[in-house]
Amino acid sequence: MYSEKVMDHFTNPRNCGEIVDADGIGEVGNAKCGDIMRMYLKIENDTIVDVKFKTFGCGAAIATSSIATEMIKGKRIEDALKLTNKAVVEALGGLPPVKIHCSVLAEQAVKAALADYYRKNGIDHPILNDACDGCCEACDHHHEIGSEEE
């Protein structure tokens, strides 16, 4: 059912944890399946120098969170903003159709953390106007920007 790479990222997740002094925090969840992802970013000179995640959910949710962190760590912000759920799925060697929403959550968690970074720094960016629009059929998607005060 799952690729070897999905199983590897599920059983040995990379960048798991939290960054206490994160520059951006994004949290997304899917009410239908119960998956919740929180991404933490440390950014220096427009580059993501560290990224961590905490995910409550199925193996696919953990694997997509893990691979997404690997895909953006060390990248410039504008490159990280280009992360797509399709790229996450491809990097994992595929996901069953009923688990595609997990890759959507990973993409949205990264973008929510970047939006939080922009907001905290008073930077106007189009991502601040983006809202989740029911990005997949299985998804009754709840999207919120996390902050330390919440």
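The values are calculated or read from the model by the stated rules, or taken from the named source; none is laboratory data. Only a predicted model underlies this, so the values are computations on that prediction, with no experimental measurement involved. Heads up, the Cβs are rebuilt from the backbone with ideal geometry, glycines too, and the neighbour counts pull from every protein chain shown.
Tell me whether segment 117-134 contains one or more residues that are of a type in the set (A, V, I, L, M), surrounded by 14 or more Cβ atoms within 10 Å (Cβ to Cβ) and touching a strand residue (DSSP E or B) at 6+ places or on another chain (Cβ under 6 Å).
No: segment 117-134 contains no residue that is of a type in the set (A, V, I, L, M), surrounded by 14 or more Cβ atoms within 10 Å (Cβ to Cβ) and touching a strand residue (DSSP E or B) at 6+ places or on another chain (Cβ under 6 Å).
Take segment 24-46 and flag every residue that is closer than 24 Å to residue 118 by Cβ and either out of contact with any Asp or Glu (no Cβ under 9 Å at 6 or more places or on another chain) or assigned to a loop (DSSP other than H, G, I, E, B) (or both).
If the condition is that a residue be closer than 24 Å to residue 118 by Cβ and either out of contact with any Asp or Glu (no Cβ under 9 Å at 6 or more places or on another chain) or assigned to a loop (DSSP other than H, G, I, E, B) (or both), then 45, 46 are the ones that fit.
Considering only residues that are surrounded by 15 or more Cβ atoms within 10 Å (Cβ to Cβ) and of a type in the set (A, V, I, L, M), look in segment 8-23 and name the one that is nearest to residue 64 (Cα to Cα). It would help to see each step written out before you state the result.
Residues of segment 8-23 surrounded by 15 or more Cβ atoms within 10 Å (Cβ to Cβ): 8-10, 13-15, 19, 22-23.
Still in the list and also of a type in the set (A, V, I, L, M): 19, 22.
Numbers: 19: 19, 22: 21 Å.
Residue satisfying both the conditions and the ranking: 19.
Which count do you get for residues in segment 24-49 that are more than 20 Å from residue 104 (Cβ to Cβ) and either of a type in the set (Gly, Ala, Ser) or surrounded by fewer than 17 Cβ atoms within 10 Å (Cβ to Cβ) (or both)?
5
Which of (1) of a type in the set (D, E, K, R); (2) modelled with pLDDT of 95 or more; (3) surrounded by fewer than 18 Cβ atoms within 10 Å (Cβ to Cβ) does residue 52 not meet, given it meets every other one?
For residue 52, the failing item is (3).
Name the residues in segment 1-23 that are closer than 19 Å to residue 104 by Cα and either outside any loop (DSSP other than H, G, I, E, B) or free of Cβ contacts under 8 Å to residues at least 40 places away in the same chain (or both), would you?
5, 6, 7, 9, 10, 16
Any residue in segment 54-66 that is among the polar types (S, T, N, Q) and either within 23 Å of residue 129 (Cβ to Cβ) or more than 13 Å from the chain's Cα centre (by Cα) (or both)? Explain how you work it out, then say what you get.
Going through segment 54-66, the residues among the polar types (S, T, N, Q) turn out to be 55, 64-66.
Next cut, either within 23 Å of residue 129 (Cβ to Cβ) or more than 13 Å from the chain's Cα centre (by Cα) (or both) only: none.
For segment 54-66, residues among the polar types (S, T, N, Q) and either within 23 Å of residue 129 (Cβ to Cβ) or more than 13 Å from the chain's Cα centre (by Cα) (or both): absent.
Residue 7 fails exactly one of the following numbered conditions: (1) modelled with pLDDT of 95 or more; (2) under 12 Å from the mean Cα position of the chain (by Cα). What is the number of that condition?
Here residue 7 clears every test but (2).
What number of residues in segment 85-105 are part of a helix (DSSP H, G or I), under 12 Å from residue 68 (Cβ atoms) and aliphatic (A, V, I, L, M)?
Matching residues across segment 85-105 total 6.
With respect to the numbered conditions (1) modelled with pLDDT of 50 or more; (2) within 12 Å of the chain's Cα centre (by Cα), which one is the sole condition not fulfilled by residue 117?
Only one criterion is unmet by residue 117, namely (2).
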